[in-house]
Amino acid sequence: MEDLQRIAPPRLPAATYDEVRERLLDPRLHPVIDKLEGGERLGGGDGLSLFRSHDLLTLGILANRVREAAHGNAAYFNVNRHINYTDFCVNRCEFCAFAKSPGDPAGRRMSVEEVARLARPPAGERWSELHMVGGLDPSFTFSEAVGMLRAVRAANPGAHIKAFTLVEIDSFARRERTTPEAILGVLREAGLGSLPGGGAEILGSEVRRRICPNKISGERWLDLARIAHGTGIRSNCTMLYGHVESFEDRVDHILRLRDLQDETRGFMAFIPLAFHPKNTRLEHLPETGGEDNLKTIAVSRLLFDNIPHIKVYWVMVGLKIAQTALWFGADDMDGTVVEERISHDAGARTPKGVRLEDLLRVIRRAGRIPVERDSLYNRTKVYAGEPDMEPTGA
Ligand code: V47
């Protein structure tokens, strides 16, 4: 893991493992603490003990130790914009409120000109990253995707383009009757910088059968990530949690990603995505709670000893939980986003985007140091200075 101690040393000394043991509420965590102290990798059983525990503060202290050992007091973010160019999708996953069936008058696909217009920041603003994903839209051809990338690159030459889920890459390869390697090569030449982490959902086949039966399998998603990393393209990985999955499914998902990361080292960040039920075919399910959101961040940090960054996606859990998560294992908050649709179509009550000043305030008020990064996690600006600790709001 990166050593950021030099730039952003922890402000408080981390609790020793003996201090953690003294305050432990859940004795089932003893073996996990022993392993962490001994530098031993946690296994599936440990992951389950952690997920099953309500000793949230212990989970937070343990995850925070790992987070601070790697990243000190830094909290990363970027200045980005999301663009969802088409909501038409043939997959029609049960958890998705964003997708429309091809031909549905409520759906919309943007023209290349419109996407390029959105990619160009207004005067006085800048976006260092454009995050672009869409549904599996049969009317959107691969050559149009390539044209879109070229147009976006011309409209905002300085921005890193993080685009297309592995599900879209698979669809392009099948429709073009070629390999994912060939698709990725053409996209890279047209301006693709990296791949976002969407489409992983829960990798296990039983959950997939229930929530996304038409989507590529978990094995295929992992194969595609392996292929992308093999071509030198880095990516993120996600986990959609809080629907029909069990803790076993979550642990299995995380360990499968961890195994692949041992092989490729191509994942930059892991992002747990909190399920939003409104307007989906799983609307009867409750929203995730703050306890689960913080726990999932903490357990992810503890199990992923090989993925450098754990991103708390403020769009899906809210700025207040995201801020708190900076003490529960998260070191990255995503970005300014500008216009998010996937979780907002499913009832998210967060703003669709935030201003840079808001992100800085949230991070500083958590007692962390805001560090702006590029899409490959190079630090571009450290916003040093003592945080304002007066308790006048988040
Ligand atoms: O793959 C869909 C999820 C993902 C819902 O790589 C939902 O930096 C919650 O992957 N409730 C897309 N989630 C978003 C995504 C992402 C977001 C931010 C950063 C990055 C990154 C990637 O959103 C989908 C799916 O797993 N999703 N519907 C829903 N109702």
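Couple of notes before you dig in:
- If the chain linking Arg23 and Ser139 were pulled fully straight, counting 0.36 nm for each residue of separation and taking away their Cα-Cα distance, it would gain 35.9 nm.
- Percent carbon-and-sulfur accessible area, the chain, ignoring ligands, DNA and RNA, probe 1.4 Å: 52
- Any cysteine of the chain lacking a neighbouring Cys Cβ under 4.7 Å - listed by number: Cys89, Cys237
- Placing a pseudo-label 7 Å from each Cα along the Cα-to-Cβ vector at Tyr383 and Glu357 gives an inter-label distance of 1.1 nm.
- Enclosing the Cα atoms of region 9-149 in their convex hull gives a volume equal to 201 cubic angstrom per residue.
- Each Cα pair under 8 Å and six or more residues apart adds its separation to the average, and for region 208-349 the resulting relative contact order is 22 percent.
- Computed from label points 7 Å out along Cα-Cβ, the spacing between Lys320 and Asn279 is 2.4 nm.
- Of the beta bridges in region 60-166, as assigned by DSSP with both residues counted there, near 10 percent are antiparallel.
- Distance between region 86-126 and region 349-366 - C-alpha centres, whole angstrom: 25
- 29 Å Cα-Cα threshold exceeded, pairs from Lys35/Lys215; Lys295/Lys352; Lys100/Lys320; Lys35/Lys381: Lys35/Lys215; Lys100/Lys320; Lys35/Lys381
- When region 98-225 is described by a simple charge dipole with +1 on each Lys and Arg Cβ and -1 on each Asp and Glu Cβ, the residue from Ile183, Ile161, Gly135 located farthest towards its positive end is Gly135.
- Nearest-ten-degree value, helix 218-230 long axis tilted from longest Cα axis of the chain: 90
- Extension gain, Arg174 to Arg220: 0.36 nm times the residue separation minus the Cα-Cα distance gives 15.3 nm.
- Computed log10 I(q)/I(0) for region 8-88 at 0.11, 0.16, 0.21 Å⁻¹: -0.42, -0.68, -0.97, from the Debye equation with unit scatterers placed on every C-alpha and solvent omitted.
- Distance (nanometres) between label positions extended 7 Å along Cα→Cβ at Arg108 and Ser205: 4.0
- Bridge type composition, the chain - antiparallel percent by DSSP, nearest 5: 15
- Semi-axis lengths (Å, descending) of the ellipsoid that matches the C-alpha gyration tensor of region 251-394: 24, 22, 14
- Per residue accessible area of the chain, 1.4 Å probe, in Å²: 40
- Peptides 277-284, 366-373, 212-219, 308-315 ordered by packing proxy, namely the average of other Cβ atoms within 10 Å per residue, highest first: 308-315, 366-373, 212-219, 277-284.
- Given charges at Cβ of Lys, Arg, Asp, Glu: region 1-122 dipole, positive-most of Ile33, Asn80, Ala106: Ala106
- Mean sequence separation of contacting Cα pairs (under 8 Å, at least six apart), scaled by the length of the chain, corresponds to a relative contact order of 20 percent.
- The chain, helix-only ellipticity at 222 nm - DSSP H runs n ≥ 4, -39,500 (n - 2.57), divided by all residues, nearest 500: -12000 deg cm²/dmol
- Tail fraction, Cα-Cα pairs, the chain, threshold 36 Å, whole percent: 20
The values are calculated or read from the model by the stated rules, or taken from the named source; none is laboratory data. Just so it is clear, the model here is predicted, and its values are computed rather than measured. Every residue, glycine as well, gets a Cβ built from its backbone with ideal geometry; the counts of neighbours run over all protein chains shown. What goes into the accessible areas is simple: the full protein's heavy atoms, side chains included, and nothing from ligands, DNA or RNA. Shrake-Rupley method; radii C 1.70, N 1.55, O 1.52, S 1.80 Å.
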